[in-house]
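Below is one structure; the comments refer to it alone.
The values are calculated or read from the model by the stated rules, or taken from the named source; none is laboratory data. Since this is a predicted model, take the numbers as computed values, not measurements. Here Cβ is always computed from backbone atoms with ideal geometry, including for glycine, and neighbour counts include all displayed protein chains.
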Ligand SMILES: [Zn+2]
Ligand SMILES: [Zn+2]
């Protein structure tokens, strides 16, 4: 065994995983404060009024739930590609915007199908749901950008990291791969996921910006669709798009609590929106 190369593979895993974990944490923070800034200027509004609508920072989730599975992915990718001879030699650093856009959008379409499949599996099979996905839903619709990563590492591992493992397996068969395109894909993936958990109806320009333009497509998922999924977990299981939900008959564009919020009705209790966590863990 070459100890030097083994340490290099480990370093690639730790640095890569830490960058995604820290990136997720920073994006959550920026998303949370941006929503507040926009709310103070009455440019956005909460999708439903809840008494526990702004809560629960989970900084540890970014390390354990997001960072750790990516450490394992990047370590195993570096190891299977043979370090500098394979992984590094095939890597391109070209900033080709056309290629980066096409790569990102194509990957999002494929990832959306994968995400829909795995996410639906969690909701379809009760033991899987209880073990791996129930924690993510335990806040009900009392969600904010700060709780995006809240959940099980296996949940993130299967919904997100496993897709990237398949992606790297495909890239391995190509003559070269583009690091900036992979970084852009992960950045928009994180931003889209944070948007889905912000709990605010965002203007189209902002949604388009944080989703890398995908938010402008006719069947794009929005902060509203994933928020409704947290109000009613039977619907809206897609990540970037709604077409799989529409085909499966599980798409919902409206929820009675969102409707009431727009009409100025009374705020429902935390229990009414599915909040199942101890009250003393609420951070307002
Ligand atoms: Zn969610
Ligand atoms: Zn779910």
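Just wondering, is there one or more residues in the range 187-199 that are farther than 17 Å from residue 28 by Cα and either in a helix (DSSP H, G or I) or away from ligand 2 (no atom under 12 Å from the Cβ) (or both)? Quick ask: steps written out before the conclusion?
The initial filter retains those residues of the range 187-199 that are farther than 17 Å from residue 28 by Cα, namely none.
No, because not a single residue in the range 187-199 is farther than 17 Å from residue 28 by Cα and either in a helix (DSSP H, G or I) or away from ligand 2 (no atom under 12 Å from the Cβ) (or both).
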**Prompt:** Going by the conditions given, is residue 247 over 21 Å from residue 106 (Cα atoms) and not in a loop (DSSP other than H, G, I, E, B)?
**Reply:** no
**Asked** In the range 204-233, which residues are in contact with a helix residue (DSSP H, G or I) (Cβ under 8 Å, 6 or more places away or on another chain), away from ligand 1 (no atom under 14 Å from the Cβ) and not in a helix (DSSP H, G or I)?
**Response** 211, 212, 213, 219, 220
**Message:** Testing residue 233 on (1) more than 16 Å from ligand 2 (Cβ to nearest atom); (2) surrounded by fewer than 22 Cβ atoms within 10 Å (Cβ to Cβ), one condition comes back false. Which one is that?
**Reply:** (1)
**Request:** Residue by residue through the range 212-230, note down the ones that are in contact (Cβ under 8 Å) with a residue 60 or more places away in the chain and away from ligand 2 (no atom under 16 Å from the Cβ).
**Result:** 212, 213, 214
**Message:** Which numbered condition in (1) more than 12 Å from the chain's Cα centre (by Cα); (2) surrounded by fewer than 19 Cβ atoms within 10 Å (Cβ to Cβ) is the only one that residue 187 fails?
**Reply:** (1)
**Message:** Can you tell me how many residues within the range 55-89 are in contact with a helix residue (DSSP H, G or I) (Cβ under 8 Å, 6 or more places away or on another chain), assigned to a loop (DSSP other than H, G, I, E, B) and either modelled with pLDDT under 70 or farther than 25 Å from residue 21 by Cα (or both)?
**Reply:** 4
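Here's a check for you: in the range 242-264, which residue that is within 16 Å of ligand 2 (Cβ to nearest atom) and under 21 Å from residue 136 (Cα atoms) is surrounded by the fewest Cβ atoms within 10 Å (Cβ to Cβ)? Before the answer, list the steps.
Here is the first cut: in the range 242-264, the residues within 16 Å of ligand 2 (Cβ to nearest atom) are 242, 244-245, 248, 250-252, 255.
Applying the additional criterion that residues be under 21 Å from residue 136 (Cα atoms) yields 242, 245, 250-252, 255.
Details: 242: 24, 245: 21, 250: 19, 251: 19, 252: 17, 255: 22.
Residue satisfying both the conditions and the ranking: 252.
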**Prompt:** Based on what the data block shows, is residue 227 touching a strand residue (DSSP E or B) at 6+ places or on another chain (Cβ under 7 Å), more than 29 Å from residue 95 (Cα to Cα) and buried (at least 22 other Cβ atoms within 10 Å of the Cβ)?
**Reply:** no
